[in-house]
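Accompanying notes for the structure given below.
The values are calculated or read from the model by the stated rules, or taken from the named source; none is laboratory data. The structure presented is a predicted model; accordingly, all values stated were derived computationally and were not measured. Here the Cβ positions follow ideal geometry from the backbone for every residue, glycine too, while neighbour counts run over all protein chains shown. With ligands, DNA and RNA removed, areas are computed over all heavy atoms of the protein, side chains included. Shrake-Rupley method; radii C 1.70, N 1.55, O 1.52, S 1.80 Å.
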Amino acid sequence: MSHAAAQHQPRDDHGPGHDPTSGHGAGHDPNLAHHFDSLGRQYASAKTGMWVFLATEVLMFGGLFCAYAVYRRNHPEIFQIGHVFLDRNLGALNTVILLLSSFTMAWAVRAAQTNQKRLTVTLLSLTLLGAAGFMSVKYIEYAHKIHLGIAPGSLWNPGTETGEGTHAAETGAAAAVSADHTAAASADHAAATAAPASTVATTVAPGQNRTTLAHAGAAPAGMAVTPHAAASAHVDPHYMTREKLDKAFIFFSIYYLMTGLHGIHVLVGMGVIIWLIIRASKGEFNENYFTPVDLGGLYWHIVDLIWIFLFPLLYLIH
Amino acid sequence: MSTSHADIHAQSHGLAHPVPLKILVAVILVLLFLTWMTVAATWVDLGEYNLWIAMGIAVVKATLVALYFMHLWWDNLVYSIVLIGALCFVALFIGVTLTDTIEYQPGVTSTPAQPTTPPGR
């Protein structure tokens, strides 16, 4: 007797009053649970449950989006201050990665439905790779910010180096940490310390973060956050003071909470995909039973959907 | 209990319809293009409308993902209703909260954001 049949032996034990002819054609399918009449109904039931769960996920993140909406409505200035620390290019990269992983995931469901075992495993592995890539980029972003002291909650302690001094000079030379920047950046910084903010704004290369430097005006003298704070924007150290940054504390709370919760969902999704890869490589999925891949796919698409909204709201603030 | 017509029909198709690969490829290409458009839209300064344009494009992207990647286009309408229902409740949630915010805005925004002392300091 095959292992699969031995596993499902109890399902042949019908209780009294149960019509022995019901669903027996499909009843021998080891994937059909006893309490369902047919694979079709089992599948529909599973999918309904999954969609209801996804609705709760939407509602949960909806609450966070509500917090975002209220704060942005009441204090748009903190979003202006805070968003320069978010690297638009990394955010766009993450969006592309997640979209592509959704594509490979949807294809993997199709592959499972069409009995293409090796293709299913390959596509699920690519999806996992995309997820890992997403988390890597997220790690880079978080590491940058935490290194500057822009950390969540009570860990908040942004860099308090003064605008002058050797440390600011060397970090000023590395004003924008993105690799695109050339040595011209250090010259830009030298110009920035002497010139008003409007000069700095004009040296920002097209396509980069446009900051609101031109409108900032002179910042009060005092402790400044070192300019390498801005991931790809060239931030005038005299503009970004500790005082201004402290106002943006709530912005970063919102940022960390939303992207952090989303990141946790990505990690859970990675676990689910690993489980699916193991099952798929054992040949457990076919055209009559691909439900786990389908439901795992639905979860992954919701994770992607949420990021589709997070990206413009957090990274593309003008 | 006999197997219903729907079940027989479903089983003859292997439970559910596999999404044609051409559609998946077309959708991902459109999604990537829309992502580029979202970023490109920020190069043009339209003030307040920048946010709405970005959100509009995001809604289109989300619709494509939901309809084609999540199979809603071919599925039972119930699943779509569940999703749209959840989105309606989120819209209510944010909408009504914002009306409250707008109502008290003069009192709130007359005081610009103050530097916040984080907890524990």
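Could you sort A:SER101, A:SER253 by their accessible area in this structure, using a 1.4 Å probe and putting the largest first?
My answer, sorted largest first, is A:SER253, A:SER101.
Taking the stretch B:29-108, which chymotrypsin sites (Phe, Trp or Tyr not before Pro) meet the DSSP loop condition and have no more than 16 other C-beta atoms within 10 Å?
In loop regions of the stretch B:29-108 (DSSP not H, G, I, E or B), the sparsely surrounded chymotrypsin sites (Phe, Trp or Tyr not before Pro) are B:TRP43, B:TRP73, B:TRP74, B:TYR104.
Summing both sides, how much accessible area is buried between A and B? Use a 1.4 Å probe and give Å² to the nearest 100.
The buried area between A and B, both sides summed, comes to about 5700 Å².
Note down, for the stretch A:47-126, the three equivalent ellipsoid semi-axes (square root of 5 times each alpha carbon gyration tensor eigenvalue), biggest first, whole angstrom.
Equivalent ellipsoid of the stretch A:47-126: 36, 20, 6 Å, largest first.
Determine the shielding of peptide A:49-60 by partner chains: average, over its residues, the number of Cβ atoms on other chains within 10 angstrom of each Cβ.
Mean partner shielding for this stretch: 4.
List, in order, the whole-Hz ³J(HN,Hα) value for each residue of the stretch A:296-304 obtained from phi through the Karplus relation with A = 6.51, B = -1.76, C = 1.60 and θ = phi - 60°; use x for Gly and Pro.
Working through the residues one at a time gives x, x, 4, 4, 5, 5, 5, 4, 5 Hz.
Return the Cα extents of the stretch A:267-314 along principal axes one, two and three, sorted largest first, each rounded to a whole Å.
42, 20, 10
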